[in-house]
Amino acid sequence: MTGSTQARAPWHFWVIGVAATLWSAMACLDYWKTVTRDMNWLAAVPPDMMDWLDATPTWAMAGWAMGVGCALAGSLLLLMRSRWAVAFFALSLVGLAVNQVYLLVSDAPAAIRSPSGIALRVVIWIVGLALLWYAVQMRGRRVLA
């Protein structure tokens, strides 16, 4: 016997796990609808933003896919109480960082450079870092095994 018993999950674990899954699922949906060019989804996107998206290099799109996909996987693994949630949340931040590099070095449209565009990116970073921190805390308390 290894003595590695799993601790009981606190009530907030389930609230955060479900919220993280919904947040990440919406991010995946946004990615999917954007890359498949769902015109209903993209109806409000200005032409300069569409041109910029069309010019986005594969490595930046791969970073976006990695960021949202690993965040969703991390969220689901969190709900499954798997220690692998930590690794997937960390990978999601790597994907986010790759994608953000393109935002910084490209000639991004005004909407992305606007205060609301910057605020959205800051919120995404805060949520991503908070989810990684939370998963590390839950692993340390033996809620994740």
Open item on the list: Expected output is a single nm value to one decimal: the length gained when fully extending between residue 55 and residue 31, i.e. 0.36 nm times separation in residues minus the C-alpha distance. What is it?
Closed with: 7.1 nm
Task: Signed unit charges on C-beta, dipole axis of the chain, positive-most listed residue 18, 119, 53 - done: 18
Task: Ellipticity estimate at 222 nm from DSSP helix runs (n ≥ 4, -39,500 (n - 2.57)) divided over the chain, nearest 500 - done: -25000 deg cm²/dmol
TODO: Once you've got the GNM for the chain with C-alpha springs shorter than 10 Å, pick whichever of 119, 43, 62 has the biggest mean-square fluctuation.
DONE: 43
TODO: For residue 80 paired with residue 108, estimate the spin-label separation in nm (one decimal), with each label point 7 Å from Cα along the Cα-to-Cβ line.
DONE: 3.3 nm
Task: Cα→Cβ-extended label distance, 7 Å offset, between residue 130 and residue 9, nm - done: 1.9 nm
Open item on the list: Need one number: convex hull volume per residue for the chain, Cα atoms only, in Å³.
Closed with: 115 Å³
TODO: Take the Cβ-Cβ distance between residue 39 and residue 19 as r, set R0 to 35 Å, and report the resulting FRET efficiency rounded to the nearest 0.05.
DONE: 0.70
- [ ] Using only Cα atoms, locate the centre of region 37-52 and the centre of region 99-133, then give the distance between them in Å, rounded to an integer.
- [x] 18 Å
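Only the coordinates and a few stated rules stand behind these numbers; no lab work does. Just so we're clear, the structure is a prediction, and the values are computed from it rather than from any experiment. Neighbour counts are summed over all protein chains in view; Cβ atoms, including those assigned to glycine, are modelled from backbone coordinates with ideal geometry.
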